[in-house]
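Encoded as structure tokens, the structure appears first; notes follow it.
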Amino acid sequence: MRVAGIDDAGRGAVLGPLVIAGIVLDNDDLPHLAALKVKDSKLLSRRTRERLAPEIEKIALKCYFVEFSPADIDRVVNFGKKLRRLNWLEACGMAEVILNLRADVAFVDASDVIAERFKDQILERIPFRVGIVSEHKADRNYPIVSAASILAKVRRDKAISELRQQYGDLGSGYVADEKTMNFLETWINTYGSYPDFVRKSWKPAKKFIEKLTSTQLKII
């Protein structure tokens, strides 16, 4: 039996991609992940994640990634109908992962507050029979989802590093990161609009646009 684990990285970020990663193993090989001592990527240092990622890929039958750009996210946030926004976009991405991994059973970290609804949204897009275990904190409870979370985080970190090399220190890309917020404010004050790697639909990003517009109106 082929067992898959799927998780995301960058869901709450204000810049950079949302990355979904999947890994599939034979059921008999699952103990190898426990031997690596994989954990939810948020509980590991960057160095540890980068050390574990190639080891995970060696064990896997196959790994698969889906990336959603800020433009993809803005589109569903701004124009998607109810229940057809970010959670639905992630469900579509996870369905694509399952289609490519051809798993018999897939464990997924549920993005929706209603885990069963998230499962149903994934199943809508899969034309073959597959068992899906959709749970909150699956990345902490199932090593195979922990492994997927590590792969997703390493892939997203690489994307942010590439942006940093081109645009300077923009932090981690999350709202809680002061460097990221300073970068956004400086950019919008300098150029008046955001580059394509910023999620313009996010409230913090909108705040700086509104602040700039308000300032300009006062000057006029």
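Derivation of every value follows stated rules applied to the coordinates shown; laboratory data play no part. Everything numeric here is computed off the predicted structure, so don't read it as measured data. All Cβ positions, glycine included, derive from the backbone under ideal geometry; neighbour counts span all protein chains shown.
Dipole magnitude for the chain: about 560 debye, using +1 per Lys or Arg Cβ and -1 per Asp or Glu Cβ, origin at the Cα centre.
The calculated FRET efficiency for Leu212 paired with Leu99, based on their beta-carbon distance and R0 = 45 Å, is about 0.55. For segment 169-219, the dipole from Cβ point charges (+1 on Lys and Arg, -1 on Asp and Glu) about the Cα centre works out to 280 debye, to the nearest 20.
Footprinting exposure proxy ranking of Ile59, Ile132, Ile144, Ile114, fewest other C-beta atoms within 10 angstrom first, gives Ile114, Ile59, Ile132, Ile144. Based on Cα contacts under 8 Å between residues 6+ apart, segment 2-163 shows a relative contact order of 38 percent. Say the dipole of the chain comes from +1 at the beta carbon of Lys and Arg and -1 at that of Asp and Glu; which of Gly5, Met181, Tyr167 then lies farthest toward its positive end? It is Met181, whose Cα lies furthest towards the positive end.
First select every other residue whose beta carbon is under 15 angstrom from the beta carbon of Ile150; then total the charges, Lys and Arg +1, Asp and Glu -1.
Result for the neighbourhood of Ile150: +4.
For segment 1-117, the alpha carbon positions stretch 44, 32, 22 Å along the principal axes, listed from largest to smallest.
Residue exposure proxy: Ser111, Ser69, ordered by other Cβ atoms within 10 angstrom of their Cβ from fewest to most, comes out as Ser69, Ser111. Computed over segment 169-219, the convex hull of the alpha-carbon atoms projects to a mean area of 3.5 nm². Taking Thr180, Thr190, Thr48 in turn, the Gaussian network model of the chain (Cα-Cα springs below 10 Å) assigns the largest fluctuation to Thr190.
Within the straight-line cut-off of under 22 Å between alpha carbons, the lysines reachable from Lys81 are Lys119, Lys200, Lys203, Lys206, sequence neighbours fewer than 8 places apart in one chain being disregarded.
Classify segment 88-143: rounded, prolate or oblate, from the alpha-carbon gyration tensor (a ≥ b ≥ c, eigenvalue square roots; a/c under 1.5 rounded; otherwise prolate if a/b is larger than b/c)?
oblate
DSSP finds beta bridges in the chain, and of those with both partners inside it, around 65 percent are antiparallel. Neighbour counts of other Cβ atoms within 10 Å put Tyr194, Tyr167 in the fewest-to-most order Tyr167, Tyr194. Label Arg51 and Asp29 with points 7 Å out from Cα along Cα→Cβ: what is the distance between them in nm? Going from the Arg51 label point to the Asp29 one covers 2.3 nm.
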